[in-house]
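**Student:** Structure in structure tokens, see below.
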Amino acid sequence: MTEIVKLKGLQKKFGNFQALRGVTFTVEAGEVVGFIGPNGAGKSTTIRTLLGIIKRDAGQAEIFGKDVWKESLEIHKRISYVPGDVALWGSLTGGEIIDLFMKLHGGGDKQKRDYLIKRFELDPKKKAKGYSKGNRQKVGLIAALSVDSDLYIFDEPTSGLDPLMEAVFQEEVEKIKEAGKSILLSSHILSEVERLADRVVIIRQGEIIETGTLDELRHLTRSTITLSTEGDVSSMEFVEGVHDFTQKDNQATFSADNQLIHDILEEAIKLGITKFEAVPPTLEDLFMRHYEG
Amino acid sequence: MKEKFARWDILFWQYLKRDWKKMIFWILGVGLFSGGFVPAFEEIAKGQGLIGMFETLQNPAMISMVGPTPVETAADYTIGAMYAHEMLLFCGLFAMIMAVLHVIGHTRKEEDLGLTELVRSFQIGRQANSLAAMAEVVVINVLLALFISGLLIVFNVDTFSVQGSLLFGASVGMAGVIGAVIGLVMAQIMPAASSATGSALGIVGLLYIIRAGTDVSNVDLSMFNPLSWTYLTYPFTENNWLPIVFVLIFSIAMVVLAFTLEGGRDMGAGYLPEREGRESAKKSLLSVRGLFIKINKGVIIGWLIGFVVMGAAYGSIYGDMQTFLESNEMMKQMFAQSGFSIEESFTGTIMMVMTGLVSILPIAVVNKLFAEESRLHLSQLHATKVTRGQLYWTTIGLAVFAGLIGILLAAGGLGGTAISVLGDSATIDMGDFFAAGYNFLPSVLFFTGLATLALGWAPKLGKIVYAYLGYSFILNYFGGILDLPDWFSKTAVQSWIPQMPMDSFDAPIFITLTGISIVLLIIGYFGYKRRDMVEGA
Ligand SMILES: Nc1ncnc2c1ncn2[C@@H]1O[C@H](COP(=O)(O)OP(=O)(O)OP(=O)(O)O)[C@@H](O)[C@H]1O
Ligand SMILES: [Mg+2]
């Protein structure tokens, strides 16, 4: 596999504030990487550094094997970017702005543009001043998706989109994924990440605290288990790996460390299981734990 | 009614709390400018100064710049009369512009930024914000008026009567109120804060030009001009309070108009209709240059029209200057001795003043690039193959081009009108006007260079370039009237350049200043290339 994006020990300070303290991760060819973390963690800062909008203080940052600051022009020919807050020139129409972005990027596809305008139900004749937040976001998305790139960088691309449009976005991203492109997707909408991402990178306070596939990450967390037993279920509370234990009559609900699930079930079997339900951790649970960490 | 303005007083106190630093700055700035020059005028008045100044200011060219005086003979021309004559119009303008910027900044601009939406979601009336902003501006101007009056009284000059001092202060304060109401009305009509500011300042400029014409031809007509209500109070001479009454009536009418207009429109909307736009872009838009032309077009065209009109307005005075010279022996002799015609002398001065104004345009174009950056308009562009160099040099190209055209139009407007009113008696031709104008090109480039320097290294300081321009402008404008020490005059960049057609062209200075400006552009570029783009926080 080749590394499309490669970050190593990336650091960035704003005045006295250390926004990034050694960010390291990669995006491989053909891979979709979900980039998540709490507000202010440094996601946008990392992305802006990748785009050469701001200059890093230390560390290594490459796209397509080229330095993101020195060789930004070469890199930019082959990437698309959508910021979380697409700001537009009020006096231009959405259609004009899309055309402009396509032209300045190069290699746009007029048909794809028209198709996307229809899919996203955008009125391209309206002056951008009159667009709602979601519609502004659509302009940015259409412009980025209408051109052919090898790497797509999305920073909360769907903020403000309604669920229907979000679904359209996800479908379109799946298409570029199938076409073998690489994607770096930062988002707070975890279901979106869950659906699209091959791998997840979690950042907190300027540091990467976890990376891995979803399965790998799930393994590190807890499932929610509901259990009824013939014997006294309350003894389960003290088994190692059981947390947040609650009990109602003879039915207990608790979360269980996935690594210790074998031992926990063995204890339960001793009590005689009459009912058993296990819910795997949602991405949401996973991140709650990491965010709060 | 009550509902609409509900809890405006809360906002009002909030604003006073929020703005107190700005208020102090404002009141001290405008106040000291208005009241602090008294000692300088006492200097001028020494010996034959008053008489000389009286004669000089009878020149229609001078009247067009500083306004008229009711005094008819040099003997009655006191320091007080001179002070009001030379200062009041400018102090009024100054106060007016501050108020325009402030009111639009607190109303329309906040609306555009979405702050109003937040405020309105609380229990606050729909129009409370406008009322609070207006009330704040009135309070500021009342304080300003009192400060100026106090200052004038404290200087304790014989001919500065208490009544005159109070009236002088009141006139300046009232000018501020006029500016505020003009701003408030334009904030309702225009579709965005920037166009509201532009049009409101445009109106102030237009009023200034119109009064230049009516002051020279027939002062009675100036009574219809809100800007003239400031200096037509004639403090220290006639002490006429009537214009103040006009201001009050006018302001109340405008405020009512503004509130009616505001009541009738949606938040964020204006009265000028929106047309449906194009489905896809014209070819001409599809480049960095095309885009920058498009987003700067309004500002550039607006100013260019202003330059032609201004040039034409000043050009129309050339006829009156001849008449003036024929009727005034003393001035006739003065000009005969100096070896220049009155036209030549006026052309030199006025071109300096107009190229000072032309400099605003390139600064505005350069500052626009930073505004675009901080409004996040460029984020997605940065990720395309557009380079920072392209953004920077395209902007500079456009700025310089706008400056060149600006000079062309200002000089052309001035010369064309002047030559047509002078007819056969003209001693200068179009070539002289263009030479006089482009002679100042290095100063325009210098301001462009300063603005780009700020853009590259400290973009938040871009506005300070305007402050320096304003400072140079005032120095140039008054340089001829006040006898300033040479080193002091030279702090304004234009003073380095000889005034054509009176003086001859100075190639070394021209080239040096142009060279310095180009160096500034290049230094700015290195900053721009390597700094972080400012995007939110
Ligand atoms: N230009 C700047 N100047 C100063 N501080 C900044 C600047 N840009 C970002 N920061 C700070 O750096 C930190 C990281 O910001 P960043 O925008 O990268 O967060 P984020 O992970 O994208 O958050 P969010 O989920 O809210 O978008 C924040 O504390 C932010 O305040
Ligand atoms: Mg962000």
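The values are calculated or read from the model by the stated rules, or taken from the named source; none is laboratory data. These figures come from a predicted structure and were not determined experimentally. Note that each Cβ is placed from the backbone with ideal geometry, even for glycine, and that neighbours are counted across all protein chains shown. SASA here: full protein model, heavy atoms, side chains in, ligands and nucleic acids out. Shrake-Rupley method; radii C 1.70, N 1.55, O 1.52, S 1.80 Å.
**Student:** Could you check segment A:44-55 and list, in sequence order, the residues that are out of contact with any Leu (no Cβ under 7 Å at 6 or more places or on another chain) and either within 11 Å of ligand 2 (Cβ to nearest atom) or not assigned by TED's automatic domain parsing to the domain that holds A:Glu194 (or both)?
**Tutor:** Within segment A:44-55, A:Ser44, A:Ile47, A:Arg48 meet the criteria.
**Student:** Next question, about the same structure. With B:Leu101, B:Leu89 as the choices, which residue is surrounded by fewer than 23 Cβ atoms within 10 Å (Cβ to Cβ) and at pLDDT 90 or above?
**Tutor:** Criteria check complete, one pass: B:Leu101.
**Student:** Here's a follow-up. State yes or no: is A:Asp155 of a type outside the set (Gly, Ala, Ser), open to solvent by less than 70 Å² (accessible area, probe 1.4 Å) and under 30 Å from A:Ile75 (Cβ atoms)? Steps first, please.
**Tutor:** Numbers: of a type outside the set (Gly, Ala, Ser): yes; open to solvent by less than 70 Å² (accessible area, probe 1.4 Å): yes; under 30 Å from A:Ile75 (Cβ atoms): yes.
Criteria met by A:Asp155.
**Student:** Okay, next question. If I go through segment A:101-152 residue by residue, how many of them are away from ligand 2 (no atom under 16 Å from the Cβ), open to solvent by less than 50 Å² (accessible area, probe 1.4 Å) and either more than 9 Å from every other protein chain (Cβ to nearest Cβ) or not aromatic (Phe, Trp, Tyr) (or both)?
**Tutor:** Going through segment A:101-152 one residue at a time, the tally reaches 29.
**Student:** Could you check segment A:26-38 and list, in sequence order, the residues that are touching a residue at least 60 places away in the same chain (Cβ under 8 Å), open to solvent by 10 Å² or more (accessible area, probe 1.4 Å) and away from ligand 2 (no atom under 16 Å from the Cβ)?
**Tutor:** A:Glu28, A:Ala29, A:Gly30, A:Glu31
**Student:** Same structure, new question: Mind counting the residues in segment B:336-383 that are within 11 Å of chain A (Cβ to nearest Cβ), outside any helix (DSSP H, G or I) and surrounded by fewer than 24 Cβ atoms within 10 Å (Cβ to Cβ)?
**Tutor:** Here the count works out to 4.
**Student:** In addition: For A:Gly212, work out the one condition from (1) assigned by TED's automatic domain parsing to the domain that holds A:Ile176; (2) at pLDDT 90 or above it doesn't fulfil.
**Tutor:** (2)
**Student:** Restricting attention to segment B:267-285, and to residues there that are at pLDDT 85 or above and open to solvent by 70 Å² or more (accessible area, probe 1.4 Å), which single residue is farthest from the other protein chains (Cβ to nearest Cβ)?
**Tutor:** Ranking the candidates gives B:Ser284 first.
**Student:** Just to be sure I understand, how many residues within segment A:39-51 are within 7 Å of ligand 1 (Cβ to nearest atom), outside any helix (DSSP H, G or I) and on the phi < 0 side of the Ramachandran plot? Break it down into steps so the answer makes sense when it comes.
**Tutor:** Here is the first cut: in segment A:39-51, the residues within 7 Å of ligand 1 (Cβ to nearest atom) are A:39-46.
Narrowing further to those that are outside any helix (DSSP H, G or I): A:39-42.
Okay, now just the ones that are also on the phi < 0 side of the Ramachandran plot, so A:39, A:41.
Residues in segment A:39-51 being within 7 Å of ligand 1 (Cβ to nearest atom), outside any helix (DSSP H, G or I) and on the phi < 0 side of the Ramachandran plot: 2 in total.
**Student:** Which of the following residues is more than 16 Å from ligand 1 (Cβ to nearest atom), out of contact with any helix residue (DSSP H, G or I) (no Cβ under 7 Å at 6 or more places or on another chain) and not in a loop (DSSP other than H, G, I, E, B): A:Lys8, A:Lys112, A:Lys13?
**Tutor:** Numbers: A:Lys112 fails: out of contact with any helix residue (DSSP H, G or I) (no Cβ under 7 Å at 6 or more places or on another chain); A:Lys13 fails: more than 16 Å from ligand 1 (Cβ to nearest atom).
On inspection, the qualifying residue turns out to be A:Lys8.
**Student:** Taking A:Ile202, is it β-branched (Val, Ile, Thr), out of contact with any Asp or Glu (no Cβ under 8 Å at 6 or more places or on another chain) and either in a strand (DSSP E or B) or within 16 Å of ligand 1 (Cβ to nearest atom) (or both)? First the steps, then the outcome.
**Tutor:** Working: β-branched (Val, Ile, Thr): yes; out of contact with any Asp or Glu (no Cβ under 8 Å at 6 or more places or on another chain): no; either in a strand (DSSP E or B) or within 16 Å of ligand 1 (Cβ to nearest atom) (or both): yes.
It is false that A:Ile202 is β-branched (Val, Ile, Thr), out of contact with any Asp or Glu (no Cβ under 8 Å at 6 or more places or on another chain) and either in a strand (DSSP E or B) or within 16 Å of ligand 1 (Cβ to nearest atom) (or both).
**Student:** Then there's this: Would you check which residues across segment A:249-273 are open to solvent by 20 Å² or more (accessible area, probe 1.4 Å), assigned to a helix (DSSP H, G or I) and of a type outside the set (D, E, K, R) and list them?
**Tutor:** Scanning segment A:249-273 gives A:Asn258, A:Gln259, A:Leu260, A:Ile261, A:His262, A:Leu265, A:Ile269, A:Leu271.
**Student:** In segment B:384-409, how many are without any contact (Cβ under 8 Å) to a residue 12 or more places away in the chain and open to solvent by 40 Å² or more (accessible area, probe 1.4 Å)?
**Tutor:** Selection size over segment B:384-409: 3.
**Student:** Looking at segment B:162-177, can you tell me whether even one residue there is open to solvent by 30 Å² or more (accessible area, probe 1.4 Å), under 23 Å from B:Ile24 (Cα atoms), in a helix (DSSP H, G or I) and free of Cβ contacts under 8 Å to residues at least 40 places away in the same chain?
**Tutor:** Looking through segment B:162-177, at least one residue is open to solvent by 30 Å² or more (accessible area, probe 1.4 Å), under 23 Å from B:Ile24 (Cα atoms), in a helix (DSSP H, G or I) and free of Cβ contacts under 8 Å to residues at least 40 places away in the same chain.
**Student:** Please tell me if B:Val465 is under 28 Å from B:Gly29 (Cβ atoms) and within 16 Å of ligand 2 (Cβ to nearest atom).
**Tutor:** Details: under 28 Å from B:Gly29 (Cβ atoms): yes; within 16 Å of ligand 2 (Cβ to nearest atom): no.
It is false that B:Val465 is under 28 Å from B:Gly29 (Cβ atoms) and within 16 Å of ligand 2 (Cβ to nearest atom).
**Student:** Taking A:Leu185, is it hydrophobic (A, V, I, L, M, F, W, C), out of contact with any Ser or Thr (no Cβ under 6 Å at 6 or more places or on another chain) and assigned to a strand (DSSP E or B)? Before you say what the answer is, go through the steps one by one.
**Tutor:** Numbers: hydrophobic (A, V, I, L, M, F, W, C): yes; out of contact with any Ser or Thr (no Cβ under 6 Å at 6 or more places or on another chain): yes; assigned to a strand (DSSP E or B): yes.
For A:Leu185, the condition - hydrophobic (A, V, I, L, M, F, W, C), out of contact with any Ser or Thr (no Cβ under 6 Å at 6 or more places or on another chain) and assigned to a strand (DSSP E or B) - is met.
**Student:** Find the helices (runs of 4 or more DSSP H) located wholly in segment B:214-265 whose residues include 2 or more that are of a type outside the set (Ser, Thr, Tyr), and list them.
**Tutor:** So the answer is B:219-222, B:242-263.
**Student:** Can you pull out every residue in segment A:65-81 that is open to solvent by less than 30 Å² (accessible area, probe 1.4 Å), among the hydrophobic types (A, V, I, L, M, F, W, C) and either assigned to a helix (DSSP H, G or I) or more than 7 Å from every other protein chain (Cβ to nearest Cβ) (or both)?
**Tutor:** Across segment A:65-81, the qualifying residues are A:Val68, A:Ile75.
**Student:** Which is within 16 Å of ligand 2 (Cβ to nearest atom), open to solvent by 10 Å² or more (accessible area, probe 1.4 Å) and of a type in the set (A, V, I, L, M, F, W, C), of A:Ala87, A:Ala41, A:Ala58? Steps first, please.
**Tutor:** Details: A:Ala41 fails: open to solvent by 10 Å² or more (accessible area, probe 1.4 Å); A:Ala58 fails: within 16 Å of ligand 2 (Cβ to nearest atom).
Checking each option against the conditions leaves just A:Ala87.
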